[in-house]
Amino acid sequence: MTENIKFVQGNEACVEGALYAGLDFFAGYPITPSTEVAEQMSVQLPKIGGSFLQMEDEIASLCAIIGASLTGHKVMTATSGPGFSLMQEALGYAVMAEIPCVIVNVQRGGPSTGNPTHVAQGDVNQARWGTHGDHAIVALTASNHQDVFAVTVEAFNIAETYRTPVILLFDEVIGHMRERLVIPEPGEIPLVERLRTSVKEGVDYHPYLPREDGRLPMSDFGSVHRYNVTGLYHDMWGFPSDNPKIVHGLSRHLMDKIENNAHQIAMVKEYYLEDAEQILISYGASARSALHVVVSRRNRGEQLGLLELQTLWPFPAEIVRDRCRNARSVTVVEMNKGQILEQVKHAVEAPERVFLANRVDGVLINPTDIRNFLRVIQGRGI
Amino acid sequence: MAVKDFLRERFFPHLWCPGCGHGTVLNGLVRAIEELGIRKSDIVMVSGIGCSSRISGYLDFHTLHTIHGRALAFATGVKMSRPKLNLIVPMGDGDALAIGGNHFIHACRRNIDITAIVMNNRIYGMTGGQYSPLSGYGAAATTAPYSNIDHTFDVVELSKAAGATFVARTTSYHPKEITKYIKKAIQHKGFSVVEIMSQCPTYFGRKNKIGGAVEMLEYMKDQTTPIDSKAKAENPDLIERGIFVEKELPEYCEEYEKVIERAKGGA
């Protein structure tokens, strides 16, 4: 069988991954640099009988996909910084009501309108804490189109497994760059389908009562079980409650179902870490430049390694701590003022050996930039 | 099926104040659905935030109690993903037309087959009596202590202009009209709006010295009149009740089916 090879933008790779995962409902609003996701969805979805909606804003887009998820569909929206800001309240709703959905944020420079057509990675902490209140969140990223495809599929799998919104935090370079993508055969990547309740009609169904394994079987709106969904704290029937025991229990459940499974959700890629004295930690487009530096230095005999993060939240602290244990220095390469740097410092045993190599001017951090940072870190001057 | 079979007794007592008009809306709504004979599992009720929005929880349908102002956006997703379901979206005046105003006009424009019920009591009740976009010039509210300078929307005119294909108005003094108009709105294929003027004696009535529930109901009786009545001709200030728009235009989900056909046909 011939391989299904495409030459696509990262935004298209994301669309291909979503369709592979079984997405059949998308709602969105045009915004640079994510617009191609919506455009491609408008082309592809009607062909498979799926729904594409262009809503009046990003708020409505996320609300609409939450509604469609409740009828049993795999759903997604895509946006960029300002739109992601608008989505934060509905994102919290999806957390609270435990609605599987995927939200793509192709990052651009911020705050505000910022630097719309240029790259940045400044929304890492917004993805973690953008919506109000204590909560857990899942955010994934990727540095090449094959991985964009794979993490998009994984985002849907995680959304279904844990009944949670999952954020795909790409960036402008990944979104707009074109490269080769091999579409896997059906079945090549396992898919997690909606877990539906086996409770029969007429028997009391508890939409918010977790099973022993922590999962909550759902019932599609329109089928036999009629229940309430709310953004208020609620009991196992979905009825609002301010009973302190129920509030505490639900709050803990919403955190625990993600944090206790952080090791399952953690995805990293490791390059030359076995004997690395200097470790670079990076993600997204920055990781491409970081990998270039690592490979070229290895060719000169220097013991450099790269830990590429694909799961940003929950932060894979255990993996970072373990891999960095013997490193003389750890340098976080990212396009913000150190949002992952802070996490790495918290995770490792020797935070004084953690440094930042960054760019925040809308230009992709390149290998020369990283090499210059390393010279300073190594005390070899500028 | 009896009216009580539509209620979730587990959810009661309700949180509405004594004398609130929202219970009359609930009553009229349930009777409309009972008379239409729609299966409970074929109805999805989506609401936002506010006193009015609690109506969804009390009813034994698929119920989605969402965030402030966005009920119609959630409902659009439910309807598009499962067009055979009946979507009913009860909203307060602030919910529908302040924070939710943009979603409201765009839902009208799309003509998606959803029934919007605007329970207009001209005040933010749940937060304690602040002025809404429907309070009107000169009204008193906790955030308008020196008299309101905001002018009101006319829900009917706004819905018409935005493209709703069924628009009606009545009041909580006229429960039979509530049932009649909601029935017609649900049966209507396309986006339907029913404005129901409702009384909030706790805040609007008290702040504006109209009196209690009885006086407010008297006020709605006296200040409204059927469309094109003689009374309206004599007193143009009267608010008209009745069906203002009822027309057939292509419905959004049906139009989308044509998109699918075109995409599959490669046209």
Selection from segment A:257-278 of residues that are farther than 24 Å from A:His292 by Cα, touching a residue at least 24 places away in the same chain (Cβ under 8 Å) and not in a loop (DSSP other than H, G, I, E, B): A:Lys257, A:Ile258, A:Glu259, A:Ala262, A:His263, A:Ile265
Members of segment A:235-269 that are of a type in the set (A, V, I, L, M, F, W, C), in contact with a helix residue (DSSP H, G or I) (Cβ under 7 Å, 6 or more places away or on another chain) and closer than 25 Å to B:Thr66 by Cβ: A:Phe239, A:Leu254, A:Ile258
Segment B:133-148 - residue that is without any contact (Cβ under 8 Å) to a residue 24 or more places away in the chain and not polar (S, T, N, Q) and, of those, surrounded by the most Cβ atoms within 10 Å (Cβ to Cβ): B:Ala144
Subset of segment A:325-357 (residues that are closer than 17 Å to A:Asp369 by Cβ and charged (D, E, K, R)): A:Glu334, A:Lys337
Residues being at the interface with chain B (Cβ under 7 Å from one of its Cβ atoms) and of a type in the set (Gly, Ala, Ser) - total across segment A:62-79: 3
Of residues in segment A:211-222 being surrounded by fewer than 17 Cβ atoms within 10 Å (Cβ to Cβ) and in contact with a helix residue (DSSP H, G or I) (Cβ under 9 Å, 6 or more places away or on another chain), the one modelled with the highest pLDDT: A:Arg215
Residue that is assigned to a strand (DSSP E or B) and either crowded, with 19+ Cβ neighbours inside 10 Å or more than 26 Å from the chain's Cα centre (by Cα) (or both), where the choices are A:Ile167, A:Ile246, A:Ile174: A:Ile167
Selection count, segment A:41-61, where residues are more than 7 Å from chain B (Cβ to nearest Cβ) and buried (at least 23 other Cβ atoms within 10 Å of the Cβ): 5
Listing of strands (runs of 3 or more DSSP E) fully contained in segment B:152-267 that carry 2 or more residues being without any contact (Cβ under 8 Å) to a residue 24 or more places away in the chain: B:224-226
Matching residues, segment A:1-31, being closer than 15 Å to A:Phe149 by Cα, within 14 Å of another protein chain (Cβ to nearest Cβ) and surrounded by 21 or more Cβ atoms within 10 Å (Cβ to Cβ): A:Leu19, A:Leu23
In segment B:7-29, the residues that are in contact with a Phe, Trp or Tyr (Cβ under 8 Å, 6 or more places away or on another chain) and within 13 Å of another protein chain (Cβ to nearest Cβ): B:Leu7, B:Arg8, B:Arg10, B:Phe11, B:Phe12, B:His14
Test result for B:Tyr173, among the aromatic types (Phe, Trp, Tyr) and buried (at least 21 other Cβ atoms within 10 Å of the Cβ): yes
Qualifying residue in segment B:180-202 (condition: in contact with a Lys or Arg (Cβ under 8 Å, 6 or more places away or on another chain), under 22 Å from B:Asn111 (Cβ atoms) and exposed (fewer than 14 other Cβ atoms within 10 Å of the Cβ)): no
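Matching residues to (1) within 14 Å of chain B (Cβ to nearest Cβ); (2) in contact with a Cys (Cβ under 6 Å, 6 or more places away or on another chain); (3) within 26 Å of A:Tyr20 (Cα to Cα):
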{"residue": "A:Ser198", "(1), (2), (3)": "no, no, no"}
{"residue": "A:Gly202", "(1), (2), (3)": "yes, no, no"}
{"residue": "A:Gly214", "(1), (2), (3)": "no, no, no"}
{"residue": "A:Pro244", "(1), (2), (3)": "no, no, no"}
{"residue": "A:Val247", "(1), (2), (3)": "no, no, no"}
{"residue": "A:Met267", "(1), (2), (3)": "no, no, yes"}
{"residue": "A:Leu273", "(1), (2), (3)": "no, no, no"}
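For (1) more than 7 Å from chain A (Cβ to nearest Cβ); (2) at positive phi; (3) touching a residue at least 40 places away in the same chain (Cβ under 8 Å); (4) not aliphatic (A, V, I, L, M), each residue gets a yes or a no:
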position: B:Arg31; (1), (2), (3), (4): yes, no, yes, yes
position: B:Gly37; (1), (2), (3), (4): yes, yes, no, yes
position: B:Val44; (1), (2), (3), (4): no, no, yes, no
position: B:Ile49; (1), (2), (3), (4): yes, no, yes, no
position: B:Ser52; (1), (2), (3), (4): yes, no, yes, yes
position: B:Gly57; (1), (2), (3), (4): no, no, yes, yes
position: B:Leu64; (1), (2), (3), (4): no, no, no, no
position: B:Ala73; (1), (2), (3), (4): no, no, no, no
position: B:Val78; (1), (2), (3), (4): no, no, no, no
Evaluation of A:Pro190 against (1) surrounded by 13 or more Cβ atoms within 10 Å (Cβ to Cβ); (2) over 20 Å from A:Ile66 (Cβ atoms); (3) more than 14 Å from chain B (Cβ to nearest Cβ); (4) touching a residue at least 12 places away in the same chain (Cβ under 8 Å) (one fails), failing number: (1)
Residue satisfying all of: in segment B:80-117; away from chain A (no Cβ under 13 Å) and in a helix (DSSP H, G or I); farthest from B:Ser52 (Cα to Cα) among these: B:Leu97
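The values are calculated or read from the model by the stated rules, or taken from the named source; none is laboratory data. What you see is a predicted model; the values in this text were computed from it and never measured. Backbone-built Cβ (ideal geometry, glycine too); neighbour counts: all protein chains shown.
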